[in-house]
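*Asks:* This is the structure I have questions about; it appears just below.
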Amino acid sequence: MNIIMLGAPGAGKGTQAAVLCEHLNIPTISTGNIIREALRTGTEMGLKAKSYMDAGQLVPDEVVIGIVKDRLQEDDCKNGYILDGFPRTIPQAEALDEMGANIDCVIDIEVEDDVIVNRLSGRRVCENCGRPYHIESLKPKVDGVCDDCNGALVQRKDDQIDTIKNRLDIYHKETEPLVNYYKAQGKLKVVVGKDTVKETTEAVFKAIEV
Ligand code: AMP
């Protein structure tokens with residue numbers, strides 16, 4: 001199954017993608033994580049993306065489209081994949097269609113803006129594997145340490161409060177139009193984001209009947 005996770009930053013796309021990835025045994029492709037990794041290892045693409053990312057702006061379409069095109073050609077995508085954080089603009093969605101991606105369903109996780117602000121400002125991520133946590137609602141077993149890989153938990157620069165509003169504005173302007181784009185293709189499944197990860201997961205599983 002080829003799945004797109006849609007929704008505002010902080011809606012829970014990454015967390016739900018991780019659950020689905022384990023359940024369906026298919027890889028998650030997170031453009032945000034790929035770009036952060038490129039930044040960490042200092043590649044040319046990473047350096048180019050840094051200023052956009054730190055300011056909470058979108059990296060230019062041609063850069064992310066290139067990343068996804070390459071990644072989808074890898075062997076582990078043959079039996080399906082979950083796209084997390086891509087597409088984020090109409091031109092990206094059109095490029096995905098042109099790649100012949102055959103998307104089966106698009107899960108749109110809907111969460112109110114004020115809930116998003118609280119979530120993102122309290123979010124911490126593993127600097128090693130990218131797994132997300134929250135200072136109140138999704139704590140690791142050991143304070144400041146990732147349950148999966150023992151990496152240190154840090155706050156993303158773009159999760160600082162002044163950048164969050166900017167990211168939400170961009171989401172409403174650039175990404176939300178994808179809801180109608182995929183509705184028109186008959187692929188949209190709307191899931192109302194709940195207070196707990198477990199409840200949201202149940203709603204996601206119900207939406208895609210897995
Ligand atoms: P995320 O981890 O998905 O919130 O992505 C973090 C940042 O990476 C975004 O704020 C953008 O700067 C960049 N990014 C990730 N995915 C995309 C995309 N599909 N299009 C443009 N920029 C992206």
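The values are calculated or read from the model by the stated rules, or taken from the named source; none is laboratory data. All values derive from a computational prediction rather than experimental measurement. Here Cβ is always computed from backbone atoms with ideal geometry, including for glycine, and neighbour counts include all displayed protein chains. Quick note on the areas: whole protein, heavy atoms, side chains included, nothing else; ligands and nucleic acids left out. Shrake-Rupley method; radii C 1.70, N 1.55, O 1.52, S 1.80 Å.
*Asks:* Among all residue pairs at least 6 apart or on different chains, which show Cβ distances below 7 Å where the first residue, located in the range 120-143, is within 20 Å of Lys157 (Cβ to Cβ) and among the polar types (S, T, N, Q) and the second is open to solvent by 20 Å² or more (accessible area, probe 1.4 Å) and assigned to a loop (DSSP other than H, G, I, E, B)?
*Replies:* Asn128/Cys149
*Asks:* In the range 130-179, how many are in contact with an Asp or Glu (Cβ under 7 Å, 6 or more places away or on another chain) and either surrounded by fewer than 13 Cβ atoms within 10 Å (Cβ to Cβ) or modelled with pLDDT of 90 or more (or both)?
*Replies:* 9
*Asks:* Sticking with this structure for a sec: Return the residue satisfying two criteria in turn: it lies in the range 87-117 and is part of a loop (DSSP other than H, G, I, E, B) and farther than 25 Å from Gln73 by Cα, and of such residues it is farthest from the ligand (Cβ to nearest atom).
*Replies:* Glu112
*Asks:* Which condition number does Ile3 fail, the rest of (1) surrounded by 17 or more Cβ atoms within 10 Å (Cβ to Cβ); (2) farther than 20 Å from Ala207 by Cα being met?
*Replies:* Ile3 satisfies every listed condition except (2).
*Asks:* Restricted to the range 12-70, and to residues that are under 28 Å from Asp195 (Cβ atoms) and near the ligand (Cβ under 8 Å from one of its atoms), which residue is surrounded by the fewest Cβ atoms within 10 Å (Cβ to Cβ)?
*Replies:* Among those residues, the one meeting the criterion is Asn33.
*Asks:* Going by the conditions given, is Asp108 exposed (fewer than 14 other Cβ atoms within 10 Å of the Cβ) and among the charged types (D, E, K, R)?
*Replies:* So Asp108 fails the test.
*Asks:* Within the range 172-185, can one find any residue that is part of a strand (DSSP E or B), touching a strand residue (DSSP E or B) at 6+ places or on another chain (Cβ under 6 Å) and in contact (Cβ under 8 Å) with a residue 24 or more places away in the chain?
*Replies:* No, the range 172-185 contains no residue that is part of a strand (DSSP E or B), touching a strand residue (DSSP E or B) at 6+ places or on another chain (Cβ under 6 Å) and in contact (Cβ under 8 Å) with a residue 24 or more places away in the chain.
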